[in-house]
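Just below is one structure, and these are the notes that go with it.
The values are calculated or read from the model by the stated rules, or taken from the named source; none is laboratory data. Given the structure is predicted, the values throughout are model-derived calculations rather than measurements. Here Cβ is always computed from backbone atoms with ideal geometry, including for glycine, and neighbour counts include all displayed protein chains. The accessibility values were calculated without ligands, DNA or RNA, using every heavy atom of the protein model including side chains. Shrake-Rupley method; radii C 1.70, N 1.55, O 1.52, S 1.80 Å.
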Amino acid sequence: MKLDTKAMRHLAAEDWKVLAAVEQGTKNHDLVPTAVIEKLSRLRGGPSSVSKSISALAKTSLIGRVKEAKYDGYRLTYGGIDYLALRHYAQQNVVYSVGTRVGVGKESDIMMVADHAGTQKILKIHRLGRISFRTVKSNRDYLRKSRGQGQGGSWMYLSKLAAMKEYAFMKALREEGFDVPEPIAQSRHTIVMAFVDSFPLRQVSEVGDPAGLYADLIGLILRLAKYGLIHGDFNEFNILIREERSTSRNETKGTEEETIKVTPVLIDFPQMVSMEHANAEMYFDRDPGPYFKDAKKTVGKDGARRLDAAVEASGFTKKMLKDLEAAVAEQLARRGEEGEDADAVEEEDDDDDEGDSDVSGEEDESREQEKAVQEAGPGTEAKGEPGRI
Ligand code: ADP
Ligand code: MG
């Protein structure tokens, strides 16, 4: 899914109202009937004005009409919900323009964005469920069943949960002094965070003091455990290496010497689990380093705040956490199977759940683009003009 912000500036105020109405209607309808859109958008121009906006939105693929459904209706596409999130950020003065894509995971897009002052930030767009669930049968069955009950397993719902959870954990970790990017804002299936000028550990071929870095990383896992948490995907893609250079004068030699200090910055938190989780030992021992049974003894020690409990108490229902966990477990299992670099992106093909299932052509194109980006590696995508939104 390509994030193309070109059409944003051309939408009229009415179009935005109708788009918001479709989003609102999605809470109670799989397909939002035109009559419901009319009611929720409350446009002064009445039905003709609504139908004009519907056409405009459908033309730019922000909503999709579903053919051969039981009744006529529309649903929000990835594009539509992206726009609603971006508009929210624009209105809050969090984002002014969208630049290039700096990373593409299979289930997220990482974009460079900037505010009015030109400060660069990172927009992470969660796209959970864009790939078919197929690896772990129990999770797949769970999600299908859950999906049968309203929004349960839909990509939009799961992606929103992922963004909410990631943001909540980033905030909590940051408050406790962990080195994670500063979380700035969250809307729908997206997060805005500070840009960390760094390289993923994966791309770093040489460090001055590997033993020191290794110790820092093990220390990080143990410190998370103390706060009740397991990262769950602690690997060389999710550790950013920030270099701080400083020069000092060596008086004996009479020379200037440069020292480079490397600091690991941890990212990517939707799969974080509690040390109390039923499968905690499996999750913990899957990440490299220390053993669960040793770390378990330290939970809550030295006055460490229990972040697992704090976040879980911050508005997530048990069902939400379970839905998300099943989806993320699927995602991780698939990655393990194919390798993180695998470029075989398989689209969800078997059902009615994709918001943009009717918007043909677009997905193929974005797949090509994703492949190109993955092959080139992160950070190497061709420069595009930042688009004001
Ligand atoms: P995913 O869930 O798809 O794995 P990540 O959050 O791990 O997404 O981000 C993917 C990549 O995007 C990272 O490996 C890194 O290169 C880049 N990235 C993510 N967040 C930041 C950030 N705050 N600053 C700089 N680069 C980032
Ligand atoms: Mg990652």
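A few remarks follow.
- Only one of the listed residues (Gln203, Gln271) is within 16 Å of ligand 2 (Cβ to nearest atom) and open to solvent by 70 Å² or more (accessible area, probe 1.4 Å). That residue is Gln203.
- Within the range 1-52, the set of residues being hydroxyl-bearing (Ser, Thr, Tyr) and out of contact with any helix residue (DSSP H, G or I) (no Cβ under 9 Å at 6 or more places or on another chain) comprises just one member, Ser48.
- Helices (runs of 4 or more DSSP H) enclosed by the range 78-190 - at least 1 residues per element that are modelled with pLDDT of 95 or more: 78-91, 155-175
- Residue among Tyr71, Tyr83, Tyr96 that alone is of a type outside the set (Lys, Arg), touching a His at 6+ places or on another chain (Cβ under 6 Å) and in contact (Cβ under 8 Å) with a residue 12 or more places away in the chain: Tyr96
- Of the residues Tyr71, Tyr83, the single one that is on the phi < 0 side of the Ramachandran plot and surrounded by fewer than 17 Cβ atoms within 10 Å (Cβ to Cβ) is Tyr71.
- The set of residues in the range 307-337 that are among the basic types (Lys, Arg) and open to solvent by less than 80 Å² (accessible area, probe 1.4 Å) comprises Arg334, Arg335.
- Among the residues making up the range 1-22, those that are in a helix (DSSP H, G or I) and open to solvent by 30 Å² or more (accessible area, probe 1.4 Å) are Lys6, Arg9, His10, Ala13, Glu14, Lys17, Ala20.
- Pairs with Cβ under 6 Å, 6+ apart, first in the range 1-28 and under 17 Å from Lys52 (Cα atoms), second part of a helix (DSSP H, G or I) and open to solvent by 30 Å² or more (accessible area, probe 1.4 Å): Asp15/Ala56; Ala21/Leu40
- Residue list for the range 86-111, restricted to those being touching a Phe, Trp or Tyr at 6+ places or on another chain (Cβ under 8 Å) and open to solvent by 20 Å² or more (accessible area, probe 1.4 Å): Arg87, Ala90
- Checking Leu240 against (1) modelled with pLDDT of 95 or more; (2) open to solvent by 40 Å² or more (accessible area, probe 1.4 Å), the condition it does not meet: (2)
- Residue satisfying all of: in the range 27-73; closer than 23 Å to Asp4 by Cα and assigned to a helix (DSSP H, G or I); farthest from the chain's Cα centre (by Cα) among these: Lys52
- Selection from the range 109-130 of residues that are within 11 Å of ligand 2 (Cβ to nearest atom) and in contact with a Pro (Cβ under 9 Å, 6 or more places away or on another chain): Ile110
- Matching residues in the range 93-117 - criterion: being within 12 Å of ligand 1 (Cβ to nearest atom) and in contact with a helix residue (DSSP H, G or I) (Cβ under 6 Å, 6 or more places away or on another chain): Val104, Glu107
- Scanning the range 206-219 for residues that are open to solvent by 30 Å² or more (accessible area, probe 1.4 Å) and in contact with a strand residue (DSSP E or B) (Cβ under 9 Å, 6 or more places away or on another chain) turns up Val207, Gly208, Asp209, Asp216.
- Inter-residue pairs, beta-carbon under 9 Å, first assigned by TED's automatic domain parsing to the domain that holds Asn279 and among the polar types (S, T, N, Q) and in the range 224-237, second more than 16 Å from ligand 1 (Cβ to nearest atom) and assigned to a loop (DSSP other than H, G, I, E, B), 6+ apart: Asn235/Pro288
- Qualifying residue in the range 204-215 (condition: in a strand (DSSP E or B) and within 16 Å of ligand 1 (Cβ to nearest atom)): no
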